[in-house]
Structure formats: structure tokens, C-alpha cells
Amino acid sequence: MYKRILDHLNAAILVFDCNLILTYLNNAGEILLADSANHLIGNSAADIFKSSDPAFLINLKQSITMEKPLVDHALTLNRLSQSVTINFSATPLVTDEKVSELLVELHQVDNHLRISKEEQLLTQQTTAKLLVRGLAHEIKNPLGGLRGAAQLLDLELNDPDLKEYTQIIIAESDRLQGLMDKMLGPNKPPNKKPLNIHEILERVRQLIQAEASSHLLITCDYDPSIPTILGDKDQLIQAVLNIARNAVQALEGKGNIVFKTRIQRQMTIGRKCYKLAARCDIIDNGPGIDAEILNQIFYPMVTGRAEGTGLGLSIAQSLINQHNGLIECKSEPGKTVFSIFLPMGASNE
């Protein structure tokens, strides 16, 4: 009965016998350890944690020897090719005054930090979007009056030289109008249909390759097992294209860009947990993004280039948000990764 309850917990639960042989592992534990219960049950703690922080095994032995609960923090758990940070607690279960089993609970710390950072990012983006929308609307109203007055003046003038000035006013008003429309972001909801995410990436790859110089190498690392997702083809192409063009500009036409896809399991976006999400990485080997603006690059008008408008990434994030997804960025000199997360199916909540 208790095992059915443990199977539904979000925390990873492991149960060892008094000889530190694994006898039970819940669903969250399988995800955290990136292995199945059938494969791990019957193995010793020494084998399970052999490549991880030695404190795991030390804590397990101490908890049994002392017959007391033990808690530890920020331990490194190595699984496959990835390391995660774990908070650890062990509780000995006593039968006939002897420790018969040891219940271990593991919490992934860096996952909680990522969720907290993501929530802060979404809140900041929402606030920035509201401010920009208000500003754009305030600018558009007098801009329309300015353009209308210039048109009326143009009709009254006979001198071609003077008409040239009114045409400049009209043209610049139109340019600013277009800029305001971009700042306001997507103005229609996505028309979602089943599609293959690789069709989106291939379309963008072809567009970028056609625009780029011969010194730019674009390669692909796709996971063909990713199922179809529901999305607006045009909006997703625009979002990925904005990110890819950003990478091309950072490389100044010379370098490597990689389009990579993978399945992401148990993905949390906006406090909603999805069993599966498609992860699309756009990776470049450029100089990286300045640390001072890295946490602000999805804000409108934030750019590291003098000639940039700072709207491409903001628009991309808005488009992906409309698909219940999220874009994250990690950057260091020689490697910048933009990761697009698109959930597949309904959330678990």
C-alpha cells in the first residue's frame, strides 16, 4: 500500500535493506537516476553511487550505524553524462530494535533553482511587455496625427523640394509605425496543427544557409523519435529564425551553428509539469553574450549590437510562450546555447 503512495510522490524515494541493497525505487527515482527500477533493484548502494559524491555512501552507512536520521545538502549525483545537485535525507526503519530498512529521499536542487529562475524570467517578461505595450500605444497615437498632417501638407505644396521633406516625414512615420507594431509583439493567437519540429528547423536551416556566407557551417543533430507537436508553423519558424539569425550575426558570417533536438522528460514550465517536451537547441561557437546583459536579452530593446533593435529575441520568446513553451539561454566564450522547450500533451496538473 505504502509503495503505491510513494510512486506518486515528486521526490525520489529509495529503500535499502540493512546491507544497503536497493529493494525499492519509485517513479521519480527512476527519472532522477535515469535508469529503471527493474535494472537497479538488487544492486548495492556502492554500485548505484559509485561515480557520484562519496558522501552518499558515507551517509547511508552512518545512518544505519547510528540508527538515526541523517540529512545532507548539495551533493553531486552523476548520471550518464550529466551531473545534478542533490539534497539528501536518510531515515532508518527499525524492526525488533534493529535497522531493517533505510528510506532515502533525494531532491534535485538545481531543478528547483531552474524553476525559480524561470518563474522570475516569466514575471519580468510579462512586466516588461506591459510597459512596452503601454509605451507603444502612447507613441502610435501622436504618430498617426503627425503622418496625417504631413500628408495634408504634401497636398498643399507645389514645390518638389518642399514635397521631399514631407515625404521624408511620412516615410519615417511609417518606419516608426512598423517598429511599434514589432514592439507590441504577436497580435493573433497561434493556429495550432500537428507538425514535425524538424520540418521547422530544416526550413530555418535552409533560409539561414541561403543568406550566409560559405564560411558558415550549419550542422544538425536530430532525435528522430520526437513525436509530432501542436504548433503554428509560421510562428515557430519565425521564433527559430530570429534566434538563428542572432547566432549568425554573433558569428559575423564565420563559424559553426548546430541545430539539436532531444526529448525532455518531466519538464516544468510556469509551475506546470509536463511528462514530455521537445527541446530544440541552437548552438553557436561565437564570442558569447556579455554577462551584463545575459539575463536581460529577452527584454524588448536590449541588444549587444549597435545596429540591433533588440526585438528579435523578445518576439521569439512571446511566440514560444503562446505555445506554452519557454526559451532559455546559456552562454560562455566559444559556446552559446539557446534552448526552446515545447511541451507535448497536457500538463500533469
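The values are calculated or read from the model by the stated rules, or taken from the named source; none is laboratory data. Model, not experiment: these values are computed from the prediction. Every residue, glycine as well, gets a Cβ built from its backbone with ideal geometry; the counts of neighbours run over all protein chains shown.
The figures follow:
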| item | result |
| --- | --- |
| Region 293-321 - residue that is closer than 21 Å to G178 by Cβ and at pLDDT 80 or above and, of those, surrounded by the fewest Cβ atoms within 10 Å (Cβ to Cβ) | S318 |
| Conditions (1) farther than 23 Å from Y274 by Cβ; (2) among the acidic types (D, E); (3) modelled with pLDDT of 85 or more; number of the one not met by E30 | (1) |
| Residues satisfying the stated conditions in region 139-161, i.e. more than 47 Å from the chain's Cα centre (by Cα) and surrounded by 13 or more Cβ atoms within 10 Å (Cβ to Cβ) | L153, D154, L157 |
| Single unsatisfied condition, F49 versus (1) touching a Phe, Trp or Tyr at 6+ places or on another chain (Cβ under 7 Å); (2) within 17 Å of C18 (Cβ to Cβ) | (2) |
| Residue among D35, D53 that alone is in the same structural domain as P92 (by TED's automatic domain parsing), part of a loop (DSSP other than H, G, I, E, B), surrounded by 14 or more Cβ atoms within 10 Å (Cβ to Cβ) and under 26 Å from the mean Cα position of the chain (by Cα) | D35 |
| Residue, modelled with the lowest pLDDT, within region 93-121, restricted to residues that are assigned to a strand (DSSP E or B) and more than 15 Å from A45 (Cα to Cα) | Q108 |
| Number of the exception - A46 against (1) over 33 Å from the mean Cα position of the chain (by Cα); (2) of a type in the set (G, A, S); (3) assigned to a strand (DSSP E or B) | (3) |
| Residue identified as farther than 14 Å from A90 by Cα, out of contact with any helix residue (DSSP H, G or I) (no Cβ under 7 Å at 6 or more places or on another chain) and free of Cβ contacts under 8 Å to residues at least 60 places away in the same chain among N59, N27 | N27 |
| Residue check for K272: assigned by TED's automatic domain parsing to the domain that holds S331, basic (K, R), surrounded by fewer than 20 Cβ atoms within 10 Å (Cβ to Cβ) and modelled with pLDDT of 90 or more | no |
| Of residues in region 77-98 being in contact with a helix residue (DSSP H, G or I) (Cβ under 9 Å, 6 or more places away or on another chain) and of a type in the set (V, I, T), the one surrounded by the most Cβ atoms within 10 Å (Cβ to Cβ) | I86 |
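Residues are listed down the side, and each one gets a yes or a no for (1) under 30 Å from L33 (Cα atoms); (2) in contact with a Phe, Trp or Tyr (Cβ under 6 Å, 6 or more places away or on another chain); (3) outside the structural domain of K335 (by TED's automatic domain parsing):
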position: V204; (1), (2), (3): no, no, no
position: S214; (1), (2), (3): no, no, no
position: C220; (1), (2), (3): yes, yes, no
position: P227; (1), (2), (3): yes, no, no
position: G231; (1), (2), (3): no, no, no
position: Q249; (1), (2), (3): no, no, no
position: T261; (1), (2), (3): yes, yes, no
